[in-house]
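**Q** Would you mind keeping the following structure in view while I ask a few things?
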């Protein structure tokens, strides 16, 4: 059977079904996706301590930055020792960050260090491990499997946000931090303990790698020092920056945009954001599947086309809930694709041996996009007095990403 791993290695070791690692990846990412739910803490913290929006948002910004930093560190470590130890260490860091935040998060500095640095590093350590593991077990469907592996990260907020909100109302912010520390820490550690790489040279039964293509014996594994010498790395980095920047800008401003464009109440606009998060999660396996069938370039260009059409024609005319929800949901769908297509691109171009650290460097573009995308969008909105100006700028970035990926070729 194609999708099982049942042959015997060295006459003794029987390998597990490879879909076990996909299940572990989805469950782990559900816990890691708590970072998308920081907003449930923001207003209660502002009310408790009189902090400004900027001060109460900084822990999330730091978490995003150290998430990207943690991926680079963990990627290099994982390539040496395998995914299990790194994933479990990420769970321990995540747990420690939340538990310490419950004790020392009454000050901004304490919260910046405990949540911003420790939780961010913990998420970064754990996030890369199931992606690299699943790509190695599924060379025959890298895009789709990567999308499934990160599906939980996008969908996690659907569970975490309502549960966390209920806990905060009943037990308070700091007790909720402690509960999150125990629950998410255990989830990540236990699922991380299941991860392992396939034996060297392993491939799925019945699958033949394309000649000179991804997964073939001729494909070269680039260490990060050599990857950095290829122009393709910088091209992928910029494409990821623009792709993620457009999506994160719209996600970060979805509620105020809904209030202004469609005259929605904050509650109704938040409901639209919830539907967007569903499409964000589904976009990951969907565009991963498309990239396996149409190629990585085709999936990337399709996502940018969805961005451009939505930004120029749907959102500027979104005067009611239905059209506004359709617009931001299409943005979420196309944005979600970046998180499955880009790791598959990295594996295709640079091999899987050093995928952990290589994708960590490529993923640093997402960290930059998480900071720059929302800032650029908000600044253009403030300068022009309308969201339509920001939409045009974002559409130009999408067009640039599509143009750049057209010239991309695997390094030789």
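The values are calculated or read from the model by the stated rules, or taken from the named source; none is laboratory data. For clarity, every value in this text was computed on a predicted model and none was experimentally measured. Using ideal geometry, Cβ is built from the backbone for each residue, glycine included, and neighbour counts are taken over all protein chains shown.
**Q** I'd like the full set of residues that are at pLDDT 85 or above, more than 14 Å from the chain's Cα centre (by Cα) and surrounded by 16 or more Cβ atoms within 10 Å (Cβ to Cβ), limited to the stretch 24-48.
**A** The answer is 24, 27, 41, 44, 45.
**Q** Related question: So residue 392 passes all but one of these: (1) touching a helix residue (DSSP H, G or I) at 6+ places or on another chain (Cβ under 8 Å); (2) at positive phi. Which condition number does it fail?
**A** All conditions pass for residue 392, except number (2).
**Q** Could you tell me whether residue 298 is surrounded by fewer than 24 Cβ atoms within 10 Å (Cβ to Cβ), under 18 Å from residue 36 (Cβ atoms) and in the same structural domain as residue 382 (by TED's automatic domain parsing)?
**A** Values: surrounded by fewer than 24 Cβ atoms within 10 Å (Cβ to Cβ): yes; under 18 Å from residue 36 (Cβ atoms): no; in the same structural domain as residue 382 (by TED's automatic domain parsing): yes.
No: the conditions fail for residue 298.
**Q** Still on this structure, please answer the following. Go through 385, 327, 337, 360 for me and flag whichever is out of contact with any strand residue (DSSP E or B) (no Cβ under 8 Å at 6 or more places or on another chain), touching a residue at least 24 places away in the same chain (Cβ under 8 Å) and over 17 Å from residue 232 (Cβ atoms). First the steps, then the outcome.
**A** Working: 385 fails: touching a residue at least 24 places away in the same chain (Cβ under 8 Å); 327 fails: touching a residue at least 24 places away in the same chain (Cβ under 8 Å); 360 fails: over 17 Å from residue 232 (Cβ atoms).
After ruling out the rest, the residue left standing is 337.
**Q** Let me ask something else about it. Can you say whether residue 343 is in contact (Cβ under 8 Å) with a residue 24 or more places away in the chain and either surrounded by 24 or more Cβ atoms within 10 Å (Cβ to Cβ) or under 19 Å from the mean Cα position of the chain (by Cα) (or both), as far as the supplied structure shows? Give the derivation first.
**A** Details: in contact (Cβ under 8 Å) with a residue 24 or more places away in the chain: yes; either surrounded by 24 or more Cβ atoms within 10 Å (Cβ to Cβ) or under 19 Å from the mean Cα position of the chain (by Cα) (or both): yes.
Here the answer is yes, as residue 343 does meet what is asked.
**Q** Tell me yes or no: at least one residue of the stretch 303-320 is closer than 23 Å to residue 156 by Cβ, crowded, with 24+ Cβ neighbours inside 10 Å and either out of contact with any helix residue (DSSP H, G or I) (no Cβ under 6 Å at 6 or more places or on another chain) or modelled with pLDDT of 95 or more (or both). Please lay out each step first, then the result.
**A** Within the stretch 303-320, the subset closer than 23 Å to residue 156 by Cβ is 303.
Narrowing further to those that are crowded, with 24+ Cβ neighbours inside 10 Å: 303.
Among the residues that remain, those that are also either out of contact with any helix residue (DSSP H, G or I) (no Cβ under 6 Å at 6 or more places or on another chain) or modelled with pLDDT of 95 or more (or both) are: 303.
Checking the stretch 303-320: at least one residue is closer than 23 Å to residue 156 by Cβ, crowded, with 24+ Cβ neighbours inside 10 Å and either out of contact with any helix residue (DSSP H, G or I) (no Cβ under 6 Å at 6 or more places or on another chain) or modelled with pLDDT of 95 or more (or both).
**Q** Residue 302 - would you say it is out of contact with any strand residue (DSSP E or B) (no Cβ under 7 Å at 6 or more places or on another chain) and closer than 27 Å to residue 255 by Cβ? Step through it out loud before you land on a result.
**A** Numbers: out of contact with any strand residue (DSSP E or B) (no Cβ under 7 Å at 6 or more places or on another chain): yes; closer than 27 Å to residue 255 by Cβ: no.
Judged against the criteria, residue 302 is not a match.
**Q** What are the pairs with Cβ atoms under 8 angstrom where one residue, in the stretch 118-142, is closer than 14 Å to residue 346 by Cβ and the other, located anywhere, is in a loop (DSSP other than H, G, I, E, B) and modelled with pLDDT of 90 or more? Sequence gap at least six, or different chains.
**A** The qualifying pairs are 136/197; 136/198.
**Q** Residue under question is residue 394, and the condition is that it be more than 30 Å from residue 138 (Cβ to Cβ) and within 21 Å of the chain's Cα centre (by Cα); does it hold? Break it down stepwise before answering.
**A** On the way: more than 30 Å from residue 138 (Cβ to Cβ): yes; within 21 Å of the chain's Cα centre (by Cα): yes.
Taking the combined requirement at face value, the residue satisfies it.
**Q** Check whether at least one residue in the stretch 231-243 is assigned to a loop (DSSP other than H, G, I, E, B), crowded, with 19+ Cβ neighbours inside 10 Å and either more than 21 Å from the chain's Cα centre (by Cα) or outside the structural domain of residue 42 (by TED's automatic domain parsing) (or both), and report yes or no.
**A** Here is the first cut: in the stretch 231-243, the ones assigned to a loop (DSSP other than H, G, I, E, B) are none.
There is no residue in the stretch 231-243 that is assigned to a loop (DSSP other than H, G, I, E, B), crowded, with 19+ Cβ neighbours inside 10 Å and either more than 21 Å from the chain's Cα centre (by Cα) or outside the structural domain of residue 42 (by TED's automatic domain parsing) (or both).
**Q** Residue by residue through the stretch 122-139, note down the ones that are modelled with pLDDT under 90 and under 15 Å from the mean Cα position of the chain (by Cα).
**A** Once the filter is applied, which keeps residues that are modelled with pLDDT under 90 and under 15 Å from the mean Cα position of the chain (by Cα), the stretch 122-139 yields 128, 131, 132.
**Q** Taking the conditions exactly as written (at pLDDT below 80, in a helix (DSSP H, G or I) and at negative phi), does residue 208 satisfy them or not?
**A** In short, no.
**Q** Among the listed residues 356, 377, 373, which satisfies the condition of being closer than 30 Å to residue 202 by Cα, outside the structural domain of residue 64 (by TED's automatic domain parsing), in a helix (DSSP H, G or I) and modelled with pLDDT under 95?
**A** 356
**Q** While we're here: Answer yes or no as to whether residue 164 is under 16 Å from residue 29 (Cβ atoms) and not assigned by TED's automatic domain parsing to the domain that holds residue 283. Step through it out loud before you land on a result.
**A** Numbers: under 16 Å from residue 29 (Cβ atoms): no; not assigned by TED's automatic domain parsing to the domain that holds residue 283: yes.
The answer is no for residue 164.
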